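A.B. asks: To start, I am sharing the structure in question, which I have written as structure tokens.
The values are calculated or read from the model by the stated rules, or taken from the named source; none is laboratory data. Just so it is clear, the structure is predicted and the values come from calculations on it, not from any experiment. Cβ placement follows ideal geometry from the backbone for every residue including glycine, while neighbour counts extend to all protein chains displayed.
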Amino acid sequence: MSLTDHKRAVSNALARNPALDVLIADAVGGTLAEDIVATRNFPASPVAACDGYAVAAADVARAAGAALAVSHDVTFDDRSPRTHVPGTASRVPSGAPLPQGADAVVPSSATDQGVARVVIEGDVKPGQYVRAPGTDVRAGHVLVPAGSTLGPRQVAVGAAMGRPRLRVHPVPRVVVIAVGDELIDPGSHRPGGGVDDANSHLLAGLVREAGAQAYRVGPVPDRALELRAVIEDQLVRADVILTTGGLSHGTSDTVATVMRRLGEFEVVDIALNPGGRQGLGSIEIGSRKIPVVSLPGKPSAAAVGFEATVRPALRDMCGFVQRERDTYVATVTEGWSASAGNVTATPVRVTRTQEGRFATPMSHGELTFDALAQADALAWIGPETDQVEAGMRVHCSRW
């Protein structure tokens with residue numbers, strides 16, 4: 001199967017959960033499902049930019065240094081007087097609306113701070129220390145676009161708009177299961193030794209980096225009854241199940257067998273190197289249909305398979321607008337071989353100079369743990385190319 005076709009199939013399987021209206025206090029971490037739009041100007045009317053006295057500039061000019069009577073104190077209470085008394089001043093706190101007819105604010109520091117009468121020092125110009133309507137936000141302006149991750153600042157904007165609830169895409173819950181008789185938890189020991197499970201930690205981290213919530217399950221032996229029990233146990237909290245390992249043709253590889261007993265499942269070989277063997281299916285539980293995506297057991301193949309097919313679909317499931325990683329073009333410094341007929345992903349170290357970006361391969365054969373850890377990007381080579389030469393320009397995804 002082509003990479004494009006399988007990528008589309010995974011994307012169709014990982015459908016978004018319905019958007020929910022949640023209390024604004026619970027919205028942090030979700031993905032906004034609709035724009036937060038300013039419903040009115042902020043501020044809605046002229047307000048004081050500092051503590052002081054609201055005046056009409058013409059009244060101060062006519063007083064020529066003489067004291068003005070203080071008519072009242074402006075408050076945030078709707079019952080406070082809202083009309084300026086000509087020839088007077090009113091005490092106003094920062095952020096409070098100016099009485100109608102006042103066109104300037106005199107800072108307290110520029111007065112004698114009188115209570116009944118106030119002497120104003122210096123000239124006063126219309127508009128000074130006044131924030132005009134719409135200074136902060138104009139009505140109709142999109143403050144936070146749909147698809148944004150809601151952090152404290154974005155939630156605060158919603159609160160400032162008077163929104164008690166926000167419509168969000170729930171964060172998908174992805175259960176990560178590493179399958180293999182040889183696997184052990186790092187730091188564990190067993191007779192005869194074992195292979196430390198790196199894949200479930202790798203994939204759980206990539207899932208979180210993509211914006212979803214990961215639930216890592218410890219290594220599961222490649223035995224049908226145990227694997228089935230673990231999968232069934234995880235269905236109650238999973239929106240997606242992501243497995244790694246157990247996809248070969250060997251008699252001990254049971255992922256496909258178990259999955260076909262639980263629901264629909266197909267193992268496919270796609271035109272991708274590494275990470276070409278993947279599985280895709282689903283399990284129905286009540287009214288829910290939980291997608292299952294299976295990746296190879298080699299860490300390098302699991303990582304590339306996730307990047308190529310799962311991450312974009314998972315980002316879309318989260319509700320993000322940007323599904324793919326940031327990409328750029330770099331010039332190759334030394335060549336390497338690619339897999340003819342496949343899309344090949346090669347880890348590269350990228351340097352940047354005044355002449356542009358330059359990509360150097362981190363490995364010339366098997367994708368090693370060192371290359372996995374140290375690479376700055378993945379260089380993607382199309383299926384029509386089997387040899388990358390120095391000086392060629394390649395597309396890289398920031399890793």
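A.B. asks: Across segment 273-295, which residue is surrounded by the fewest Cβ atoms within 10 Å (Cβ to Cβ) among those that are closer than 12 Å to V310 by Cβ and not hydroxyl-bearing (S, T, Y)? Walk me through it before giving the result.
C.D. replies: So in segment 273-295, the residues closer than 12 Å to V310 by Cβ come out as 275, 278-280, 291-295.
After this cut, where a residue has to be not hydroxyl-bearing (S, T, Y) as well, the list is 275, 278-280, 291-293, 295.
On the way: G275: 26, Q278: 27, G279: 19, L280: 22, P291: 23, V292: 24, V293: 25, L295: 25.
Selected residue: G279.
A.B. asks: Scan segment 349-375 residue by residue and report those that are polar (S, T, N, Q) and touching a residue at least 40 places away in the same chain (Cβ under 8 Å). Before you say what the answer is, go through the steps one by one.
C.D. replies: Looking only at segment 349-375, we keep the residues that are polar (S, T, N, Q), and these are 351, 353-354, 360, 363, 368, 374.
Within segment 349-375, T368 is the sole residue that qualifies.
A.B. asks: If you take the residues in segment 347-375 that are touching a helix residue (DSSP H, G or I) at 6+ places or on another chain (Cβ under 8 Å) and part of a loop (DSSP other than H, G, I, E, B), which one is surrounded by the most Cβ atoms within 10 Å (Cβ to Cβ)?
C.D. replies: This residue is L367.
A.B. asks: Where the second residue is β-branched (V, I, T) and part of a strand (DSSP E or B) and the first is within 13 Å of C50 (Cβ to Cβ) and lies in segment 105-124, which pairs have Cβ atoms under 8 Å and are six or more apart or on separate chains?
C.D. replies: Pairs found: V105/V55; V105/V92; V105/V130; V106/V55; V106/I120; A110/I120; T111/V118; T111/I120.
A.B. asks: For a quick check of your reading of the model, give me the residue pairs whose first member lies in segment 63-77 and is within 16 Å of I120 (Cα to Cα), whose second is part of a strand (DSSP E or B) and of a type in the set (S, T, N, Q), with beta-carbon atoms closer than 7 Å and at least 6 apart or on different chains.
C.D. replies: Pairs found: L68/T88; A69/T88; V70/T88; V70/S90; S71/T88; S71/S90.
A.B. asks: Something else: Only residues that are out of contact with any Asp or Glu (no Cβ under 8 Å at 6 or more places or on another chain) and in a strand (DSSP E or B): list them for segment 30-54, please.
C.D. replies: T31, L32, I36, V37, V47, A48, G52, Y53, A54
A.B. asks: While we're here: If you go through segment 32-54 one residue at a time, do you hit one that is under 49 Å from the mean Cα position of the chain (by Cα), surrounded by fewer than 16 Cβ atoms within 10 Å (Cβ to Cβ) and more than 17 Å from G134 (Cβ to Cβ)?
C.D. replies: Yes, segment 32-54 contains a residue that is under 49 Å from the mean Cα position of the chain (by Cα), surrounded by fewer than 16 Cβ atoms within 10 Å (Cβ to Cβ) and more than 17 Å from G134 (Cβ to Cβ).
A.B. asks: Scan segment 131-180 residue by residue and report those that are more than 24 Å from the chain's Cα centre (by Cα), of a type outside the set (V, I, T) and crowded, with 17+ Cβ neighbours inside 10 Å.
C.D. replies: The answer is R131, A178, G180.
A.B. asks: Evaluate the following for L378: is it within 30 Å of the chain's Cα centre (by Cα) and either free of Cβ contacts under 8 Å to residues at least 12 places away in the same chain or in a strand (DSSP E or B) (or both)? Walk me through it before giving the result.
C.D. replies: Numbers: within 30 Å of the chain's Cα centre (by Cα): yes; either free of Cβ contacts under 8 Å to residues at least 12 places away in the same chain or in a strand (DSSP E or B) (or both): yes.
In short, yes.
A.B. asks: On the given criteria, is A63 surrounded by 13 or more Cβ atoms within 10 Å (Cβ to Cβ), over 31 Å from the mean Cα position of the chain (by Cα) and not assigned by TED's automatic domain parsing to the domain that holds Q154? Talk me through it step by step, then tell me what you get.
C.D. replies: On the way: surrounded by 13 or more Cβ atoms within 10 Å (Cβ to Cβ): yes; over 31 Å from the mean Cα position of the chain (by Cα): yes; not assigned by TED's automatic domain parsing to the domain that holds Q154: yes.
Yes, satisfied.
A.B. asks: Can you report the number of residues in segment 181-206 which are over 28 Å from the mean Cα position of the chain (by Cα) and either surrounded by fewer than 18 Cβ atoms within 10 Å (Cβ to Cβ) or outside the structural domain of E232 (by TED's automatic domain parsing) (or both)?
C.D. replies: Looking only at that region, the number is 15.
A.B. asks: Right, here's the next one. Would you confirm whether or not segment 311-322 contains a residue that is farther than 30 Å from E34 by Cα, out of contact with any Lys or Arg (no Cβ under 7 Å at 6 or more places or on another chain) and not in a strand (DSSP E or B)? Step through it out loud before you land on a result.
C.D. replies: Applying the first criterion (farther than 30 Å from E34 by Cα) to segment 311-322 yields none.
No, because not a single residue in segment 311-322 is farther than 30 Å from E34 by Cα, out of contact with any Lys or Arg (no Cβ under 7 Å at 6 or more places or on another chain) and not in a strand (DSSP E or B).
A.B. asks: Moving on. Looking only at residues that are surrounded by fewer than 18 Cβ atoms within 10 Å (Cβ to Cβ) and of a type in the set (S, T, N, Q) in segment 236-272, which one is farthest from the chain's Cα centre (by Cα)?
C.D. replies: T251
A.B. asks: Answer yes if at least one residue in segment 19-29 is part of a helix (DSSP H, G or I), over 30 Å from G162 (Cα atoms) and modelled with pLDDT under 95, and no otherwise.
C.D. replies: Residues of segment 19-29 part of a helix (DSSP H, G or I): 24-26.
Those left that are additionally over 30 Å from G162 (Cα atoms): none.
So far as segment 19-29 goes, no, none of its residues is part of a helix (DSSP H, G or I), over 30 Å from G162 (Cα atoms) and modelled with pLDDT under 95.
A quick yes/no check of all residues on (1) assigned to a strand (DSSP E or B); (2) without any contact (Cβ under 8 Å) to a residue 60 or more places away in the chain:
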{"site": "V171", "(1), (2)": "no, no"}
{"site": "V174", "(1), (2)": "yes, no"}
{"site": "A178", "(1), (2)": "yes, no"}
{"site": "H189", "(1), (2)": "no, yes"}
{"site": "G193", "(1), (2)": "no, yes"}
{"site": "H201", "(1), (2)": "no, yes"}
{"site": "A204", "(1), (2)": "no, yes"}
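A.B. asks: Next question. Take segment 274-295 and flag every residue that is modelled with pLDDT under 95 and in contact with a strand residue (DSSP E or B) (Cβ under 6 Å, 6 or more places away or on another chain).
C.D. replies: Within segment 274-295, G276, R277, K289 meet the criteria.
A.B. asks: In addition: Let me confirm something: among A9, A25, which residue is more than 22 Å from P145 (Cβ to Cβ) and of a type in the set (A, V, I, L, M, F, W, C)? Give the derivation first.
C.D. replies: Working: A25 fails: more than 22 Å from P145 (Cβ to Cβ).
Selected residue: A9, the only one of A9, A25 that is more than 22 Å from P145 (Cβ to Cβ) and of a type in the set (A, V, I, L, M, F, W, C).
A.B. asks: Residues to consider are S294, S287; find the one that is among the hydroxyl-bearing types (S, T, Y) and in contact with a helix residue (DSSP H, G or I) (Cβ under 8 Å, 6 or more places away or on another chain).
C.D. replies: On the way: S287 fails: in contact with a helix residue (DSSP H, G or I) (Cβ under 8 Å, 6 or more places away or on another chain).
Exactly one residue qualifies, and that residue is S294.
A.B. asks: Restrict the check to segment 216-229 and report whether at least one residue is under 25 Å from G30 (Cβ atoms), of a type in the set (K, R) and in a loop (DSSP other than H, G, I, E, B).
C.D. replies: In the first step, residues of segment 216-229 are kept if they are under 25 Å from G30 (Cβ atoms); the result is 216-217.
Right, trim to of a type in the set (K, R) and you get 216.
From the residues that got through so far, the ones that are in a loop (DSSP other than H, G, I, E, B) too are none.
So far as segment 216-229 goes, no, none of its residues is under 25 Å from G30 (Cβ atoms), of a type in the set (K, R) and in a loop (DSSP other than H, G, I, E, B).
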